1. Mind checking Rg over Rh on the range 1-66, alpha carbons, Kirkwood formula for Rh?
2. In whole angstrom, how far apart do the alpha carbon centroids of the range 39-68 and the range 19-34 sit?
3. What relative contact order, as a whole-number percentage, does the range 1-52 give when Cα pairs under 8 Å and 6 or more residues apart are counted?
4. Return the sequence-ordered ³J(HN,Hα) values of the range 21-35 in whole Hz as given by the Karplus equation 6.51 cos²θ - 1.76 cosθ + 1.60 applied to θ = phi - 60°, using x for Gly and Pro.
5. Given H placed 1.01 Å from N in the peptide plane, which residues other than close sequence neighbours of K60 have an amide H under 5 Å from its amide H?
6. Please give the per residue accessible area of the range 16-78, computed with a probe of 1.4 Å over protein heavy atoms only, in Å².
7. Please get the size of the charge dipole for the range 1-59, origin at its Cα centre, with Cβ charges of +1 on Lys and Arg and -1 on Asp and Glu, quoted in debye to the nearest 20.
Amino acid sequence: MLIKILGSGCAKCNRLEQLTREAVAELGVEASFEHVTEMDKIMAYPIMTTPALVVDEVVKVSGRMPSKDELLGWLKAG
């Protein structure tokens, strides 16, 4: 599973990455992480605001911080 955090590296982006890493560890799934900070690469996705979470090239959330339950659900299904 490839997980991308889209954002400039702000506190919210870093927090989203931290929460997602915790959820991955809790589920015991294999995942690699990529933090995308280049604006042209971020704009390639259909999002309006960051931070955003992309799992296997599918945008799961953007512009808000998901709950841990939401993260667990997406990663289980992913």
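1. Details: Rg = 11.0 Å, Rh = 11.7 Å.
We get a ratio of 0.94 for the range 1-66.
2. Here the two parts' Cα centres lie 17 Å apart.
3. Working: 54 pairs, mean separation 29.9, N = 52.
Taking the mean separation of contacting Cα pairs over the length of the range 1-52, I get 58 percent.
4. 4, 5, 5, 4, 5, 4, 7, x, 9, 7, 8, 10, 10, 9, 9
5. Hits under the 5 Å cutoff: L53, V54, V55.
6. 59 Å²
7. Working: 5 positive and 9 negative charges, 49 e Å.
So the dipole magnitude of the range 1-59 works out to roughly 240 debye.
The values are calculated or read from the model by the stated rules, or taken from the named source; none is laboratory data. Predicted, not measured: the structure shown is a model, and the values here were computed from it. Ideal geometry is used to build each Cβ from the backbone, glycine not excepted, and the neighbour counts take in all protein chains shown. The area values use the complete protein model at the heavy-atom level, side chains included, leaving out ligands, DNA and RNA. Shrake-Rupley method; radii C 1.70, N 1.55, O 1.52, S 1.80 Å.
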